[in-house]
1. In region 261-268, is there at least one residue being modelled with pLDDT of 95 or more, of a type in the set (Phe, Trp, Tyr), surrounded by fewer than 17 Cβ atoms within 10 Å (Cβ to Cβ) and outside any loop (DSSP other than H, G, I, E, B)?
2. Say we look at region 241-278 and pick out the residues that are of a type in the set (Val, Ile, Thr) and either touching a Pro at 6+ places or on another chain (Cβ under 7 Å) or without any contact (Cβ under 8 Å) to a residue 12 or more places away in the chain (or both); which of these is farthest from residue 223 (Cα to Cα)?
3. Quick check on this structure: which one of 175, 188, 153, 204 is surrounded by 17 or more Cβ atoms within 10 Å (Cβ to Cβ) and touching a residue at least 24 places away in the same chain (Cβ under 8 Å)?
4. Taking residue 170 and the conditions (1) part of a loop (DSSP other than H, G, I, E, B); (2) of a type in the set (Val, Ile, Thr); (3) within 30 Å of residue 66 (Cβ to Cβ), which numbered condition does it fall short on, given that it satisfies the others?
5. Condition first: touching a residue at least 60 places away in the same chain (Cβ under 8 Å), more than 20 Å from residue 229 (Cβ to Cβ) and not in a strand (DSSP E or B). Can you find one or more residues in region 83-106 that meet it?
6. Give me the residue from region 26-58 that is small (Gly, Ala, Ser) and more than 28 Å from residue 125 (Cα to Cα) and, out of that set, surrounded by the fewest Cβ atoms within 10 Å (Cβ to Cβ).
7. Name the one entry in 208, 200 that is assigned to a loop (DSSP other than H, G, I, E, B), at pLDDT 95 or above and out of contact with any Phe, Trp or Tyr (no Cβ under 6 Å at 6 or more places or on another chain).
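The values are calculated or read from the model by the stated rules, or taken from the named source; none is laboratory data. In this text the structure is predicted, and so the values were computed from the model without any measurement. Ideal geometry is used to build each Cβ from the backbone, glycine not excepted, and the neighbour counts take in all protein chains shown.
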Amino acid sequence: MHGRAGMNWWLLLKLLAGIAVYSTAVEPRFVDRNDEYAVVPNLPPSWDGERFAVFADLQVGMWWANTDAARRAVSEVVSLHPTFVLLAGDFVYNADRSVDSQVQENVRILQPILDAAIPIYAVLGNHDYSLMNEHSQEENTVAAHVRRGLADAGIHMLDNDVQPITVRRIDGLGADTLSIVGIGEKWAGNDRAEETLARVAAGAPRVVFMHDPDSFAKIPANEAPFAVAAHTHGMQIGIPWVSDYLWRHYFSDTGSGVEGWQDHFGQPGNHLYITRGIGFSIIPARLHAFPELTVFTLKAP
């Protein structure tokens, strides 16, 4: 019995070692591209079928940061050449005096998208404020450095802001507008969703994005028929049903899920998709939670 027990322990150790190697050196290095539809009411025909890409949580500055996967996501975006890109926060990790170098690394990673003349719209996440948990002390100096560095590179920062963008009408007579709506960071007390959406004309087509899915719960009914958020990382260790339950009950203030489309969450008429992001938090590992690049095709109801 002792010999068999010893063999079982040895097999268990080998299994755990294999999982550790896979979750740190294999799965995080691949980017899972998810193709989805963004259904937007009152979408003009000229916008129907246009594509945009979303990713988030680069977390540059995290030990063993997943910058290789970020570069793969960027390369995929450039090859697709979508109409625009949304970056849903957490560009840096535990930023202090090193924040400028972390921002510069972000810019180097994202530069091919800018060089391809694909517009990038972004909001900040909690790590961009140096908020490591919801009760951390906000560091506005860090956020100011991150925001300025990204804006100087040509990225459109949309924390609690609206950016109307246009494409040429099908009949060639003028242009049709889609509003990009960015919601600020919840942990920083800066997610002014209702105030920001009030700046969009009633019924006008819009795409809403934010870092923290809990901010989505603040949006009034029918004001965000399509929205996207990040922040969860798919829990990094993605155990079916379990990870979603843990996030809803122990990490989310409002009961959001951990990834994908969120049914029965938020106010009536609003719909949210949560992307798993690219990088790491706390530990440099992902298991059944591949880094994600989401490509949405705009579609009328």
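1. yes
2. Per the stated criteria, the residue is 242.
3. Residue meeting the stated conditions: 188.
4. Among (1) part of a loop (DSSP other than H, G, I, E, B); (2) of a type in the set (Val, Ile, Thr); (3) within 30 Å of residue 66 (Cβ to Cβ), the lone unmet condition for residue 170 is (3).
5. Among the residues of region 83-106, at least one is touching a residue at least 60 places away in the same chain (Cβ under 8 Å), more than 20 Å from residue 229 (Cβ to Cβ) and not in a strand (DSSP E or B), which makes the answer yes.
6. 49
7. After applying the criteria, what remains is 200.
Every residue, every condition in (1) among the polar types (S, T, N, Q); (2) within 16 Å of residue 290 (Cβ to Cβ); (3) at pLDDT 95 or above; (4) part of a loop (DSSP other than H, G, I, E, B), yes or no:
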position	(1), (2), (3), (4)
24	yes, yes, no, no
28	no, yes, no, no
35	no, yes, yes, no
41	no, no, yes, yes
48	no, no, yes, yes
72	no, yes, yes, no
